[in-house]
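Q: Provided herewith is a single structure, encoded as structure tokens, for subsequent inquiry.
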Amino acid sequence: YLFLIGILIWNLVACYGNGKVSENDNNPLIVPVLKVGDQAFVVTDLEKMSQVESSFADVVYIGVPVTELLAAAKISLEDVKVIKAVALDGYTMNYEPSQLEKEDIIVAYSQKDGPLASEDGNFRMVFPGEAGSMNLRMLIELRPVE
């Protein structure tokens, strides 16, 4: 029974933990992962890319332009009909390629004054001046739809 419970816990972490298990030390950690097409990115990957500040609802976010993130995953906006953003809770939002072309449309991984709020998850979309539904929280995947 302990073996089955262990497998169940491992699957729950893999499916709902929004991350992968890392064994860099004696304590396994959950590392947040953002899937973009067939690529997986962690916060340190995003920190190596262009850093952009973008505001929504009086909060200044720090992140990477969506266009740069898609290019890093070898996804061209010219080749897709939409980019589907998927949240950890199952909420999805479809973005037309033309909606993602501005440099201030970002995938945020922090706020200017600290980490993202817990309700934002590990990553979130930021569309300045747009409705709240466009600013998807708890982002776990950007999926191209051709």
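Q: Which net charge results when you count Lys and Arg as +1 and Asp and Glu as -1 among the other residues whose beta-carbon is under 15 Å from that of P65?
A: On the way: positive: K48, K102, R124; negative: D45, E47, E53, E68, E101, E103, D104.
Result for the neighbourhood of P65: -4.
Q: How about segment 48-122: which GluC sites (Glu not before Pro) there lie in a loop by DSSP and see at most 14 other Cβ atoms within 10 Å? Spell out each step's value before the answer.
A: Working: sites: E53, E68, E78, E101, E103, E119; in loops: E101, E103.
Here the GluC sites (Glu not before Pro) that fit, given the DSSP loop and packing criteria, are E101, E103.
Q: On to the next question. Using the heavy atoms of the protein chains alone and a 1.4 angstrom probe, what is the accessible area of segment 63-146 per residue in square angstrom?
A: Numbers: 4090 Å² over 84 residues.
Ligands and nucleic acids excluded, the result is 49 Å² per residue.
Q: While we're on this one: Within 10 Å, Cβ to Cβ, of A117, how many net charges do the neighbouring residues add up to if Lys/Arg are +1 and Asp/Glu are -1? Present the calculation step by step, with values, prior to reporting the outcome.
A: Values: positive: R124, R137; negative: E119, D120.
Cβ neighbours under 10 Å give a net charge of 0.
Q: Tell me which residues come under 5 Å, amide H to amide H, from I140 once H is placed; ignore anything under 5 positions away on its chain.
A: Here the answer is V86, A87, L88, since their amide H atoms fall under 5 Å of that of I140.
Q: With a sphere of radius 13 Å drawn around the Cβ of Q51, what net charge do the other residues whose Cβ falls strictly inside it have (Lys, Arg +1; Asp, Glu -1)? List each step's numbers first, then the result.
A: Numbers: positive: K48, K112; negative: D45, E47, E53, E68, E103, D104.
Residues near Q51 contribute -4 overall.
Q: So what J values fall out for segment 82-88 if you push phi through Karplus, 6.51 cos²θ - 1.76 cosθ + 1.60 with θ = phi - 60°, rounded to Hz, Gly and Pro as x?
A: For segment 82-88, the Karplus-derived couplings read 8, 10, 8, 9, 10, 9, 4 Hz, x marking Gly and Pro.
Q: Here's another thing I want to ask about it. Out of residues 5 or more away from Y61 or on other chains, whose amide H comes under 5 Å of its own, with H placed 1.01 Å from N in the peptide plane?
A: Excluding prolines and chain starts, which carry no amide H, the hits are S54, S55, F56, K112.
Q: Over 14 Å apart: what share of the alpha carbon pairs of segment 69-122 falls there, rounded to a whole percent? Write down the numbers at each step before the final one.
A: Numbers: 917 of 1431 pairs.
When every Cα pair of segment 69-122 is considered, 64 percent fall beyond 14 Å.
The values are calculated or read from the model by the stated rules, or taken from the named source; none is laboratory data. Small disclaimer: the values here were computed from a predicted structure and weren't measured. Using ideal geometry, Cβ is built from the backbone for each residue, glycine included, and neighbour counts are taken over all protein chains shown. Ligands, DNA and RNA are excluded from the accessible area calculation, which covers all protein heavy atoms including side chains. Shrake-Rupley method; radii C 1.70, N 1.55, O 1.52, S 1.80 Å.
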